[in-house]
1. Express in Å², to the nearest 10, the accessible area of M98 obtained by rolling a 1.4 Å probe over the protein heavy atoms while all chains stay in place.
2. About its Cα centre, how strong a charge dipole does the range 33-186 have in debye, to the nearest 20, once Lys and Arg get +1 and Asp and Glu get -1 at the Cβ?
3. For K77, which lysines qualify as cross-link partners when the Cα separation must be under 18 Å and same-chain residues fewer than eight apart are set aside?
4. Given I138, I7, L52, which one lies farthest toward the positive end of the charge dipole of the chain, if we put +1 on the Cβ of every Lys and Arg and -1 on the Cβ of every Asp and Glu?
5. From the C-alpha coordinates alone, can you work out the Kirkwood hydrodynamic radius of the range 106-165, in Å?
6. Order 122-135, 31-44, 156-169 from most to least packed using the mean count of other Cβ atoms within 10 Å.
7. Between D3 and L148, what length comes free when the chain is fully extended (0.36 nm per residue of separation minus the Cα-Cα distance, one decimal in nm)?
8. Counting only protein heavy atoms and a 1.4 Å probe, tell me what percentage of the range 77-136's accessible area is made up of carbon and sulfur.
Amino acid sequence: MTDNHEIIKLQTLKWVKDIIVKYNICPFAKKELERKTIHCAVLDSGDLTELLEHVNAEFIRLDTNKDIATTLVVMPKLSANFDNFLDLIDYANDLLEMQEYEGIYQLAHMHPKYRFDDTTLQDAANFTNRSPYPILHIIREDEMARVLRVFPNPEEIPERNIELLRAKGFAEIKAELDACFNVENK
């Protein structure tokens, strides 16, 4: 692993801690962050085929390592174009189905330029899915189902997140996301 990979991992985990956990965007993240069961894989490629091969390797890693609760596949080279990233997500979902992982894993995604269809670029609601780098999040479905059984009103999570971030405001949340780049490799 290069030093650059380590820095990207630290920045990504800082984002998880300082935004996702701090604002409870994902109510499941705090426990896994504290338990250190989040695997962060940094992929250098911008090539679709190579990226999908790596995503498949991460499915296999989860299959063979039960100590990993969830995986963040970080793809820095896909930062420039959000539409290309969405194409990758479509293919990754197809791969999930082709490899017969439906019901075992599910995919979520975040991107520095994430924008909901019905919003402007400056809508703070977009920060529910904005991250320092493009990320494909591989989630164990059984863990998600277990947590959702005990979480009150999980269907309200997205709307609560949107309201919270809009109340904070675009400038404040953007500054917090930008601060995630301020880490040192120790």
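The values are calculated or read from the model by the stated rules, or taken from the named source; none is laboratory data. Source: prediction; values computed, not measured. Cβ atoms come from the backbone with ideal geometry, glycine included; neighbour counts cover every protein chain shown. For the accessible areas, the whole protein counts, side chains as well, though only heavy atoms, and no ligand, DNA or RNA atoms are used. Shrake-Rupley method; radii C 1.70, N 1.55, O 1.52, S 1.80 Å.
1. 140
2. 720
3. K9, K113
4. I7
5. 12.9
6. Descending mean neighbour count gives 122-135, 31-44, 156-169.
7. Working it through step by step, the gained length comes to 48.5 nm.
8. 44
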